[in-house]
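Colleague: One structure is given below, represented as C-alpha coordinates, and several questions about it will come after.
The values are calculated or read from the model by the stated rules, or taken from the named source; none is laboratory data. Keep in mind that this is a model prediction, so the values were computed, not measured. In this analysis, Cβ positions are derived from the backbone assuming ideal geometry, glycine residues included, and neighbour counts consider all displayed protein chains. The protein model used for the area step is the full one, side chains on, heavy atoms only, and it has no ligands, DNA or RNA in it. Shrake-Rupley method; radii C 1.70, N 1.55, O 1.52, S 1.80 Å.
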Amino acid sequence: MKILELKVEGFRSLRSESWAPGDLNVLIGPNAGGKSNVLRVLELLSTASRGGLGKLVQQEGGMDSLLWDGQVDQIQFKVKTSPADPARDPERDALTYHLILSRLGRTSDYRIEFEQLANYCRVEKQIESQPFKLIERQVSRGVLFDENEHSLVAPEASIPDAETMLSLVSGPFIQNRHLTTYQKELSSWKIYQDFHTHREAPIRSPQVTRAETQVNPDGQNLVSVLHSLYTSDRDFKNEINTAMKAAFGDDFEELVFPPAADQRIQLRVRWKSLKREQSAADLSDGTLRFLFLLAVLANPSPPALIAIDEPETGLHPSMLPIVAEYAQDASSRCQIILTTHSPELLDAFGDMEPTTTVVERHDGETKLRVLAGDELRYWMNQYTLGDLYRSRELEAMQ
(Lines give C-alpha, C1' and ligand atoms only; values in the text may rest on other atoms or scores of the structure.)
Protein backbone atom coordinates (compact mmCIF):
# COMPACT_ATOMS: atom_id res chain seq x y z
CA MET A 1 0.00 0.00 0.00
CA LYS A 2 1.72 3.18 -1.21
CA ILE A 3 0.86 6.86 -1.09
CA LEU A 4 -0.37 8.11 -4.45
CA GLU A 5 -1.20 11.62 -3.26
CA LEU A 6 -0.99 13.42 0.07
CA LYS A 7 -2.86 16.67 0.78
CA VAL A 8 -2.35 18.70 3.95
CA GLU A 9 -3.97 21.94 5.12
CA GLY A 10 -3.19 23.96 8.22
CA PHE A 11 -0.47 21.74 9.73
CA ARG A 12 2.61 23.56 11.00
CA SER A 13 4.31 25.15 7.97
CA LEU A 14 2.10 23.23 5.51
CA ARG A 15 -0.69 25.74 4.99
CA SER A 16 -2.11 24.06 1.89
CA GLU A 17 0.00 21.63 -0.07
CA SER A 18 -0.21 18.38 -2.02
CA TRP A 19 2.45 15.84 -2.90
CA ALA A 20 2.59 12.83 -5.22
CA PRO A 21 5.55 10.66 -4.08
CA GLY A 22 7.07 7.73 -5.97
CA ASP A 23 8.40 4.41 -4.74
CA LEU A 24 11.84 5.80 -3.79
CA ASN A 25 11.82 9.43 -2.65
CA VAL A 26 14.45 11.97 -1.66
CA LEU A 27 13.40 15.25 -0.02
CA ILE A 28 15.92 18.07 -0.30
CA GLY A 29 15.93 21.73 0.63
CA PRO A 30 17.31 24.28 3.07
CA ASN A 31 17.08 24.09 6.85
CA ALA A 32 13.66 25.12 8.22
CA GLY A 33 12.11 24.42 4.84
CA GLY A 34 9.63 21.91 6.25
CA LYS A 35 11.08 18.47 5.48
CA SER A 36 10.61 17.33 9.08
CA ASN A 37 7.01 18.52 8.99
CA VAL A 38 6.32 16.19 6.06
CA LEU A 39 7.58 13.30 8.18
CA ARG A 40 5.46 14.50 11.11
CA VAL A 41 2.37 14.31 8.90
CA LEU A 42 3.16 10.68 8.11
CA GLU A 43 3.78 9.96 11.80
CA LEU A 44 0.49 11.57 12.79
CA LEU A 45 -1.53 9.60 10.22
CA SER A 46 0.04 6.31 11.25
CA THR A 47 -0.49 7.04 14.95
CA ALA A 48 -4.09 8.06 14.28
CA SER A 49 -4.74 4.68 12.64
CA ARG A 50 -3.53 2.61 15.60
CA GLY A 51 -4.61 4.81 18.53
CA GLY A 52 -2.66 7.33 20.55
CA LEU A 53 -3.39 10.44 18.50
CA GLY A 54 -4.35 12.43 21.59
CA LYS A 55 -1.08 11.58 23.31
CA LEU A 56 0.93 12.53 20.22
CA VAL A 57 -0.81 15.89 19.87
CA GLN A 58 -0.12 16.55 23.55
CA GLN A 59 3.56 15.64 23.11
CA GLU A 60 3.78 18.07 20.19
CA GLY A 61 2.52 20.91 22.39
CA GLY A 62 -1.20 20.72 21.68
CA MET A 63 -3.20 22.08 18.77
CA ASP A 64 -1.81 25.57 19.19
CA SER A 65 1.62 24.26 18.20
CA LEU A 66 0.30 22.31 15.22
CA LEU A 67 -1.91 24.92 13.55
CA TRP A 68 -0.36 26.97 10.75
CA ASP A 69 0.85 30.28 12.23
CA GLY A 70 -2.02 30.20 14.74
CA GLN A 71 -4.28 31.60 12.01
CA VAL A 72 -6.42 28.52 11.31
CA ASP A 73 -8.71 26.41 13.47
CA GLN A 74 -8.57 23.14 11.58
CA ILE A 75 -6.03 20.68 10.23
CA GLN A 76 -6.99 18.54 7.25
CA PHE A 77 -5.23 15.44 5.95
CA LYS A 78 -6.23 13.56 2.84
CA VAL A 79 -4.12 10.62 1.73
CA LYS A 80 -4.85 8.52 -1.34
CA THR A 81 -3.19 5.11 -1.34
CA SER A 82 -2.93 2.18 -3.68
CA PRO A 83 -4.55 -1.07 -2.49
CA ALA A 84 -2.56 -3.41 -0.28
CA ASP A 85 -3.27 -6.29 -2.68
CA PRO A 86 -0.87 -5.92 -5.65
CA ALA A 87 -3.31 -7.86 -7.84
CA ARG A 88 -5.82 -5.00 -7.63
CA ASP A 89 -5.82 -1.97 -9.89
CA PRO A 90 -3.78 0.86 -8.26
CA GLU A 91 -6.21 3.59 -9.36
CA ARG A 92 -9.58 1.88 -9.51
CA ASP A 93 -9.15 0.26 -6.09
CA ALA A 94 -7.35 3.18 -4.44
CA LEU A 95 -8.60 4.29 -1.03
CA THR A 96 -8.67 7.87 0.25
CA TYR A 97 -8.50 8.61 3.97
CA HIS A 98 -9.75 12.06 4.97
CA LEU A 99 -9.27 13.36 8.52
CA ILE A 100 -10.12 16.80 9.95
CA LEU A 101 -9.04 17.92 13.42
CA SER A 102 -10.75 21.02 14.84
CA ARG A 103 -9.44 23.16 17.64
CA LEU A 104 -11.80 23.59 20.59
CA GLY A 105 -12.19 27.33 21.14
CA ARG A 106 -8.86 28.97 21.94
CA THR A 107 -7.55 25.96 23.85
CA SER A 108 -4.94 23.44 22.78
CA ASP A 109 -7.52 20.65 22.76
CA TYR A 110 -9.21 19.30 19.66
CA ARG A 111 -11.85 16.95 18.42
CA ILE A 112 -12.14 14.92 15.25
CA GLU A 113 -14.58 16.87 13.12
CA PHE A 114 -14.70 14.56 10.12
CA GLU A 115 -13.29 11.18 9.15
CA GLN A 116 -13.85 9.15 6.01
CA LEU A 117 -12.25 6.19 4.32
CA ALA A 118 -13.63 5.70 0.84
CA ASN A 119 -13.00 4.65 -2.74
CA TYR A 120 -13.78 7.30 -5.36
CA CYS A 121 -12.83 5.29 -8.43
CA ARG A 122 -15.15 2.29 -8.50
CA VAL A 123 -16.69 1.89 -11.95
CA GLU A 124 -20.15 1.40 -10.53
CA LYS A 125 -19.78 4.65 -8.57
CA GLN A 126 -19.66 7.26 -11.31
CA ILE A 127 -20.59 10.22 -9.12
CA GLU A 128 -17.62 11.44 -7.08
CA SER A 129 -19.90 12.83 -4.36
CA GLN A 130 -21.11 9.30 -3.62
CA PRO A 131 -18.00 7.18 -3.10
CA PHE A 132 -17.85 3.59 -1.94
CA LYS A 133 -17.42 4.15 1.80
CA LEU A 134 -15.81 2.07 4.50
CA ILE A 135 -15.89 4.66 7.32
CA GLU A 136 -17.79 7.90 7.67
CA ARG A 137 -17.81 10.07 10.76
CA GLN A 138 -18.98 13.55 11.58
CA VAL A 139 -17.98 14.57 15.09
CA SER A 140 -19.41 11.86 17.37
CA ARG A 141 -21.67 10.16 14.83
CA GLY A 142 -19.80 7.34 13.13
CA VAL A 143 -20.79 4.68 10.62
CA LEU A 144 -18.92 1.56 9.49
CA PHE A 145 -19.77 -0.18 6.22
CA ASP A 146 -19.28 -3.80 5.26
CA GLU A 147 -18.23 -4.93 1.78
CA ASN A 148 -21.84 -4.64 0.54
CA GLU A 149 -22.15 -1.10 1.94
CA HIS A 150 -24.48 -2.20 4.72
CA SER A 151 -24.02 0.31 7.51
CA LEU A 152 -23.42 -0.13 11.20
CA VAL A 153 -23.99 3.03 13.23
CA ALA A 154 -21.79 3.27 16.30
CA PRO A 155 -23.34 4.55 19.55
CA GLU A 156 -22.19 8.14 20.05
CA ALA A 157 -20.70 7.51 23.47
CA SER A 158 -18.49 4.76 22.04
CA ILE A 159 -16.40 7.07 19.85
CA PRO A 160 -13.68 9.09 21.62
CA ASP A 161 -13.52 12.71 20.47
CA ALA A 162 -9.74 12.63 20.12
CA GLU A 163 -9.27 9.18 18.55
CA THR A 164 -10.16 7.93 15.09
CA MET A 165 -12.71 5.30 14.20
CA LEU A 166 -10.00 3.69 12.09
CA SER A 167 -8.06 2.90 15.26
CA LEU A 168 -11.07 0.98 16.61
CA VAL A 169 -11.51 -1.47 13.72
CA SER A 170 -8.66 -3.88 14.37
CA GLY A 171 -10.81 -6.38 16.26
CA PRO A 172 -11.90 -9.78 14.89
CA PHE A 173 -15.57 -8.85 14.53
CA ILE A 174 -15.22 -6.24 11.78
CA GLN A 175 -16.76 -7.76 8.65
CA ASN A 176 -14.74 -5.86 6.08
CA ARG A 177 -11.34 -7.24 5.15
CA HIS A 178 -10.49 -4.11 3.11
CA LEU A 179 -10.97 -1.96 6.20
CA THR A 180 -8.92 -4.12 8.55
CA THR A 181 -6.15 -4.55 5.97
CA TYR A 182 -5.99 -0.80 5.42
CA GLN A 183 -5.76 -0.15 9.15
CA LYS A 184 -3.00 -2.71 9.52
CA GLU A 185 -0.97 -1.27 6.61
CA LEU A 186 -1.29 2.37 7.65
CA SER A 187 -0.46 1.63 11.28
CA SER A 188 2.67 -0.23 10.16
CA TRP A 189 4.35 2.90 8.74
CA LYS A 190 7.72 3.55 10.35
CA ILE A 191 9.03 7.11 10.62
CA TYR A 192 12.63 7.36 11.86
CA GLN A 193 13.66 10.81 13.10
CA ASP A 194 15.44 10.29 16.43
CA PHE A 195 17.98 7.47 16.60
CA HIS A 196 20.25 8.04 19.60
CA THR A 197 23.69 6.45 19.89
CA HIS A 198 25.20 8.42 22.78
CA ARG A 199 27.21 6.53 25.37
CA GLU A 200 24.22 5.97 27.70
CA ALA A 201 21.76 5.05 24.93
CA PRO A 202 19.82 1.81 25.63
CA ILE A 203 21.00 0.42 22.29
CA ARG A 204 24.51 0.00 23.73
CA SER A 205 23.32 -2.17 26.62
CA PRO A 206 22.20 -5.82 26.69
CA GLN A 207 18.52 -6.21 25.91
CA VAL A 208 15.84 -8.65 27.02
CA THR A 209 15.55 -11.55 24.59
CA ARG A 210 12.35 -11.35 22.55
CA ALA A 211 11.31 -12.03 18.99
CA GLU A 212 11.09 -8.72 17.12
CA THR A 213 11.29 -8.14 13.38
CA GLN A 214 10.60 -4.39 13.05
CA VAL A 215 12.88 -1.62 14.30
CA ASN A 216 10.92 0.83 16.46
CA PRO A 217 10.85 4.53 15.49
CA ASP A 218 13.45 5.37 18.14
CA GLY A 219 15.63 2.44 17.04
CA GLN A 220 16.36 1.29 20.57
CA ASN A 221 15.21 -2.30 19.94
CA LEU A 222 17.79 -2.71 17.17
CA VAL A 223 19.69 -5.46 19.00
CA SER A 224 16.54 -7.56 19.40
CA VAL A 225 15.60 -7.13 15.74
CA LEU A 226 19.10 -7.98 14.51
CA HIS A 227 19.19 -11.03 16.77
CA SER A 228 15.77 -12.25 15.61
CA LEU A 229 16.46 -11.86 11.89
CA TYR A 230 20.21 -12.52 11.73
CA THR A 231 19.90 -15.85 13.52
CA SER A 232 16.77 -17.08 11.74
CA ASP A 233 16.85 -15.71 8.18
CA ARG A 234 19.83 -16.79 6.07
CA ASP A 235 19.16 -14.25 3.33
CA PHE A 236 19.00 -11.39 5.84
CA LYS A 237 22.25 -12.56 7.44
CA ASN A 238 23.93 -12.65 4.03
CA GLU A 239 22.66 -9.14 3.23
CA ILE A 240 24.03 -7.75 6.50
CA ASN A 241 27.36 -9.52 6.09
CA THR A 242 27.72 -8.34 2.48
CA ALA A 243 26.99 -4.72 3.42
CA MET A 244 29.32 -4.78 6.43
CA LYS A 245 32.16 -6.20 4.33
CA ALA A 246 31.52 -3.57 1.67
CA ALA A 247 31.77 -0.87 4.33
CA PHE A 248 34.59 -2.26 6.50
CA GLY A 249 36.45 -4.68 4.24
CA ASP A 250 37.27 -8.34 4.74
CA ASP A 251 38.26 -7.72 8.34
CA PHE A 252 34.57 -7.99 9.26
CA GLU A 253 33.58 -11.56 10.06
CA GLU A 254 30.08 -11.63 11.58
CA LEU A 255 27.68 -10.39 14.24
CA VAL A 256 27.34 -12.46 17.39
CA PHE A 257 24.78 -12.30 20.20
CA PRO A 258 26.16 -13.84 23.41
CA PRO A 259 23.79 -14.17 26.38
CA ALA A 260 23.97 -11.80 29.30
CA ALA A 261 22.34 -11.91 32.73
CA ASP A 262 18.57 -11.95 33.33
CA GLN A 263 17.49 -13.33 29.93
CA ARG A 264 19.31 -10.59 28.05
CA ILE A 265 21.45 -10.70 24.93
CA GLN A 266 24.32 -8.55 23.73
CA LEU A 267 25.36 -7.36 20.28
CA ARG A 268 29.01 -7.91 19.42
CA VAL A 269 30.98 -7.60 16.19
CA ARG A 270 33.61 -10.19 15.38
CA TRP A 271 36.66 -8.90 13.50
CA LYS A 272 39.24 -11.23 11.97
CA SER A 273 42.13 -9.08 13.19
CA LEU A 274 40.99 -9.07 16.85
CA LYS A 275 40.86 -11.89 19.35
CA ARG A 276 38.13 -10.21 21.35
CA GLU A 277 34.71 -9.37 19.92
CA GLN A 278 33.74 -5.73 20.02
CA SER A 279 30.62 -4.96 22.08
CA ALA A 280 27.87 -2.52 21.18
CA ALA A 281 29.11 -0.28 24.00
CA ASP A 282 32.42 0.11 22.16
CA LEU A 283 31.11 0.50 18.59
CA SER A 284 31.33 3.90 16.97
CA ASP A 285 28.19 5.96 16.42
CA GLY A 286 28.62 5.52 12.68
CA THR A 287 28.78 1.73 12.91
CA LEU A 288 25.62 1.59 14.99
CA ARG A 289 23.84 3.95 12.61
CA PHE A 290 24.93 1.85 9.65
CA LEU A 291 23.60 -1.32 11.29
CA PHE A 292 20.36 0.51 12.06
CA LEU A 293 19.92 1.49 8.39
CA LEU A 294 20.68 -2.06 7.25
CA ALA A 295 18.19 -3.57 9.69
CA VAL A 296 15.50 -1.19 8.40
CA LEU A 297 16.22 -1.33 4.66
CA ALA A 298 17.18 -5.01 4.34
CA ASN A 299 14.17 -6.20 6.34
CA PRO A 300 12.57 -9.12 4.46
CA SER A 301 9.06 -8.09 5.58
CA PRO A 302 9.12 -4.29 5.75
CA PRO A 303 6.20 -2.03 6.69
CA ALA A 304 4.20 -0.38 3.93
CA LEU A 305 6.22 2.83 4.26
CA ILE A 306 9.64 3.72 5.66
CA ALA A 307 10.73 7.34 6.16
CA ILE A 308 14.21 8.19 7.45
CA ASP A 309 15.36 11.68 8.38
CA GLU A 310 18.91 12.40 7.16
CA PRO A 311 20.24 8.82 6.89
CA GLU A 312 23.71 10.21 6.12
CA THR A 313 24.15 11.44 9.71
CA GLY A 314 27.33 10.05 11.25
CA LEU A 315 28.31 7.98 8.20
CA HIS A 316 31.51 8.15 6.20
CA PRO A 317 30.77 9.12 2.56
CA SER A 318 32.05 5.72 1.41
CA MET A 319 29.05 4.09 3.12
CA LEU A 320 26.45 6.18 1.28
CA PRO A 321 26.45 4.16 -1.99
CA ILE A 322 25.65 1.08 0.10
CA VAL A 323 22.77 2.90 1.81
CA ALA A 324 21.48 4.11 -1.57
CA GLU A 325 21.63 0.60 -3.02
CA TYR A 326 19.73 -0.89 -0.10
CA ALA A 327 17.15 1.92 -0.24
CA GLN A 328 16.64 1.23 -3.94
CA ASP A 329 16.18 -2.48 -3.28
CA ALA A 330 13.78 -1.83 -0.39
CA SER A 331 11.64 0.42 -2.61
CA SER A 332 10.61 -2.67 -4.58
CA ARG A 333 8.96 -3.99 -1.39
CA CYS A 334 7.68 -0.79 0.23
CA GLN A 335 7.65 2.99 -0.19
CA ILE A 336 10.86 4.74 0.87
CA ILE A 337 11.17 8.42 1.84
CA LEU A 338 14.54 9.95 2.76
CA THR A 339 15.34 13.54 3.70
CA THR A 340 18.88 14.72 3.16
CA HIS A 341 21.32 17.63 3.06
CA SER A 342 24.06 15.45 1.59
CA PRO A 343 25.23 15.89 -2.03
CA GLU A 344 27.27 12.71 -1.51
CA LEU A 345 24.10 10.72 -0.78
CA LEU A 346 22.44 12.17 -3.87
CA ASP A 347 25.52 11.25 -5.90
CA ALA A 348 25.32 7.72 -4.52
CA PHE A 349 22.01 7.07 -6.30
CA GLY A 350 23.78 7.29 -9.66
CA ASP A 351 21.36 6.21 -12.40
CA MET A 352 18.62 5.15 -9.97
CA GLU A 353 16.75 8.46 -10.39
CA PRO A 354 14.66 8.59 -7.19
CA THR A 355 11.67 10.90 -7.08
CA THR A 356 13.32 14.12 -5.93
CA THR A 357 11.21 16.70 -4.12
CA VAL A 358 12.40 20.20 -3.26
CA VAL A 359 10.99 21.40 0.08
CA GLU A 360 11.22 25.16 0.64
CA ARG A 361 9.40 27.90 2.52
CA HIS A 362 7.90 30.86 0.71
CA ASP A 363 6.09 33.57 2.69
CA GLY A 364 5.91 31.29 5.72
CA GLU A 365 4.48 28.30 3.83
CA THR A 366 6.22 25.06 2.94
CA LYS A 367 6.01 24.22 -0.75
CA LEU A 368 6.73 20.77 -2.20
CA ARG A 369 7.94 20.58 -5.78
CA VAL A 370 8.62 17.24 -7.48
CA LEU A 371 11.40 17.59 -10.05
CA ALA A 372 10.60 15.85 -13.29
CA GLY A 373 10.28 16.37 -17.00
CA ASP A 374 12.65 17.24 -19.81
CA GLU A 375 14.68 19.79 -17.87
CA LEU A 376 15.62 17.34 -15.12
CA ARG A 377 16.46 14.62 -17.66
CA TYR A 378 18.61 17.08 -19.61
CA TRP A 379 20.67 17.96 -16.55
CA MET A 380 20.87 14.36 -15.35
CA ASN A 381 22.51 13.37 -18.63
CA GLN A 382 25.42 15.67 -17.78
CA TYR A 383 25.54 15.84 -13.98
CA THR A 384 24.70 13.78 -10.92
CA LEU A 385 21.97 14.77 -8.47
CA GLY A 386 24.73 15.78 -6.06
CA ASP A 387 26.33 18.07 -8.66
CA LEU A 388 22.98 19.75 -9.28
CA TYR A 389 22.34 20.10 -5.55
CA ARG A 390 25.73 21.71 -4.94
CA SER A 391 25.10 24.20 -7.75
CA ARG A 392 21.53 24.85 -6.48
CA GLU A 393 20.19 23.99 -9.94
CA LEU A 394 17.79 21.48 -8.40
CA GLU A 395 16.07 24.12 -6.28
CA ALA A 396 15.90 26.48 -9.25
CA MET A 397 14.03 24.04 -11.51
CA GLN A 398 10.35 24.75 -12.05
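Colleague: List the equivalent ellipsoid semi-axes of the stretch 187-314 in whole Å, largest first, each obtained as the square root of 5λ for an eigenvalue λ of the Cα gyration tensor.
Modeller: Details: eigenvalues 88, 56, 48 Å².
Three semi-axes, in Å: 21, 17, 15.
Colleague: Give the dimensionless ratio obtained when the Cα radius of gyration of the chain is divided by 2.2 N^0.38 Å. Walk me through the numbers on the way to the answer.
Modeller: On the way: Rg = 22.4 Å, N = 398, 2.2 N^0.38 = 21.4 Å.
Here the Cα radius of gyration is 1.05 times the empirical estimate.
Colleague: Any idea how far apart Ala260 and Glu147 come out in nm if each label point goes 7 Å out from Cα toward Cβ?
Modeller: 4.8 nm
Colleague: How big is the convex hull of the Cα atoms of the stretch 239-367, per residue, in Å³? Working shown, then result.
Modeller: On the way: hull volume 19.6 nm³, N = 129.
Spread over its residues, the Cα hull of the stretch 239-367 gives 152 Å³ apiece.
Colleague: Using the crude model of +1 on Lys and Arg Cβ and -1 on Asp and Glu Cβ, and no other charge, please compute the dipole size for the stretch 47-104 relative to its Cα centre, in debye to 20.
Modeller: Numbers: 7 positive and 8 negative charges, 33 e Å.
The dipole of the stretch 47-104 has a size of about 160 debye.
Colleague: Also, quick follow-up: Work out the charge dipole of the stretch 1-133 with +1 on the Cβ of Lys and Arg and -1 on the Cβ of Asp and Glu about the Cα centre, then indicate which of Gly54, Ala94, Thr81 is farthest towards its positive end.
Modeller: Gly54
Colleague: Right, something else. Can you pull the accessible area of Cys121 for me, 1.4 Å probe, Å² to the nearest 10?
Modeller: The accessible area comes out at roughly 50 Å².
Colleague: Binned at 5 Å from 0, what are the whole-percent values of the Cα-Cα distance distribution for the stretch 170-234, short to long?
Modeller: Each 5 Å bin holds this share of Cα pairs: 3, 16, 17, 17, 16, 13, 11, 5, 2, 1.
Colleague: At a Förster distance of 41 Å, what's the computed FRET efficiency of Ala372 paired with Val72, Cβ-Cβ distance as r, to 0.05?
Modeller: Numbers: r = 30 Å, r/R0 = 0.74.
That gives a FRET efficiency of 0.85.
Colleague: Also, I was wondering about something else. Using θ = phi - 60° and the Karplus relation 6.51 cos²θ - 1.76 cosθ + 1.60, list the HN-Hα couplings for the stretch 294-300 in order, rounded to whole Hz, with x at every Gly or Pro.
Modeller: For the stretch 294-300, the Karplus curve yields 5, 4, 6, 7, 8, 4, x Hz.
Colleague: Read phi for every residue in the stretch 34-41 and hand back ³J(HN,Hα) as whole Hz from Karplus 6.51 cos²θ - 1.76 cosθ + 1.60, θ = phi - 60°, with x for Gly and Pro.
Modeller: Rounded to whole hertz, the list is x, 4, 5, 5, 5, 5, 5, 4.
Colleague: Same structure, new question: Subtracting the Cα-Cα distance from 0.36 nm times the residue separation, let me have the gained length for Glu60 to Ser279 in nm, one decimal. Walk me through the numbers on the way to the answer.
Modeller: Values: separation 219, 0.36 × 219 = 78.84 nm, distance 3.54 nm.
Gain in length upon complete extension: 75.3 nm.
Colleague: About the Cα centre of the chain, how large is the charge dipole given +1 on each Lys and Arg Cβ and -1 on each Asp and Glu Cβ? Please answer in debye to the nearest 20. Walk me through the intermediate numbers first.
Modeller: On the way: 43 positive and 58 negative charges, 163 e Å.
With Lys and Arg at +1 and Asp and Glu at -1, about 780 debye.
Colleague: Run the numbers on the stretch 1-139 and let me know its relative contact order in percent, using alpha-carbon pairs under 8 Å that are six or more apart.
Modeller: Details: 244 pairs, mean separation 29.6, N = 139.
The normalised contact order for the stretch 1-139 reaches 21 percent.
Colleague: So if we plug the beta-carbon distance of Asp23 and Phe248 into 1/(1 + (r/R0)^6) with R0 = 30 Å, what FRET efficiency do we get, rounded to 0.05?
Modeller: Details: r = 29 Å, r/R0 = 0.98.
For R0 = 30 Å, the calculated efficiency reads 0.55.
Colleague: What accessible surface, in Å², does a 1.4 Å probe find on Ser228, ignoring ligands, DNA and RNA and rounding to the nearest 10?
Modeller: 20 Å²
Colleague: Here's a follow-up. What percentages make up the Cα-Cα pair-distance distribution of the stretch 11-62 when the bins are 10 Å wide from 0?
Modeller: For the stretch 11-62, the binned pair fractions read 20, 49, 29, 2 percent.
Colleague: A further question follows. Could you tell me which GluC sites (Glu not before Pro) in the stretch 42-92 are loop residues by DSSP with no more than 13 other beta carbons within 10 angstrom of their beta carbon?
Modeller: Numbers: sites: Glu43, Glu60, Glu91; in loops: Glu60, Glu91.
Sparse-neighbourhood loop GluC sites (Glu not before Pro): Glu91.
Colleague: Cα-Cα over 21 Å: which of Lys55/Lys133; Lys7/Lys190; Lys2/Lys133; Lys7/Lys133?
Modeller: Lys55/Lys133
Colleague: What is the pair-distance distribution P(r) of the stretch 288-361, computed from all Cα-Cα distances in 10 Å bins starting at 0, with each bin given as a whole percent?
Modeller: With 10 Å bins starting at 0, P(r) equals 19, 58, 23, 1.
Colleague: Given a Förster distance of 35 Å, report the FRET efficiency between His198 and Ala157 from their Cβ-Cβ distance, rounded to the nearest 0.05. Can you show the working numbers first?
Modeller: On the way: r = 46 Å, r/R0 = 1.32.
Using R0 = 35 Å, I get an efficiency of 0.15.
Colleague: Report, to the nearest 10°, how far helix 234-248 tilts away from the longest principal axis of the Cα atoms in the chain, using its own Cα long axis and a range of 0 to 90°.
Modeller: Approximately 60 degrees, to the nearest ten.
Colleague: Something else now. Please give the calculated 222 nm ellipticity per residue for the chain, where each DSSP H segment of at least 4 residues contributes -39500 (n - 2.57) and the sum is spread over every residue; nearest 500 deg cm²/dmol? Write out the running numbers ahead of the final one.
Modeller: Working: 12 runs with 111 residues, N = 398.
About -8000 deg cm²/dmol.
Colleague: Amide H of Val26: which non-local residues (sequence gap of 5 or more, or other chain) have their own amide H closer than 5 Å, using H built in the peptide plane?
Modeller: Leu338, Thr355, Thr356, Thr357
Colleague: Can you send over the carbon and sulfur percentage of the accessible area for the chain, probe radius 1.4 Å, protein chains only? Spell out each step's value before the answer.
Modeller: Values: 8400 of 18360 Å².
Of all accessible area on the chain, carbon and sulfur atoms account for 46 percent.
Colleague: Per residue, how much accessible surface does the chain expose to a 1.4 Å probe? Answer in Å², no decimals. The partial results should precede the final answer.
Modeller: Numbers: 18360 Å² over 398 residues.
Averaged over the residues of the chain, the accessible area is 46 Å².
Colleague: Here's another thing I want to ask about it. What trypsin sites (Lys or Arg not before Pro) in the stretch 273-380 are in a loop by DSSP, with at most 14 other Cβ atoms within 10 Å of the Cβ?
Modeller: On the way: sites: Lys275, Arg276, Arg289, Arg333, Arg361, Lys367, Arg369, Arg377; in loops: Lys275, Arg276, Arg333.
The qualifying sites are Lys275, Arg276.
Colleague: Amide H neighbours of Leu67 under 5 Å, at least 5 residues apart or on other chains, H built in the peptide plane: list them.
Modeller: Correct list: Arg12.
Colleague: Next question. Once ligands and nucleic acids are excluded and a 1.4 Å probe is used, how much of His362 is accessible, expressed in Å² to the nearest 10?
Modeller: Ignoring ligands and nucleic acids, His362 comes out at about 90 Å².
Colleague: The stretch 245-281 to the stretch 50-90: how many Å between their Cα centroids?
Modeller: About 41 Å separates the Cα centre of the stretch 245-281 from the one of the stretch 50-90.
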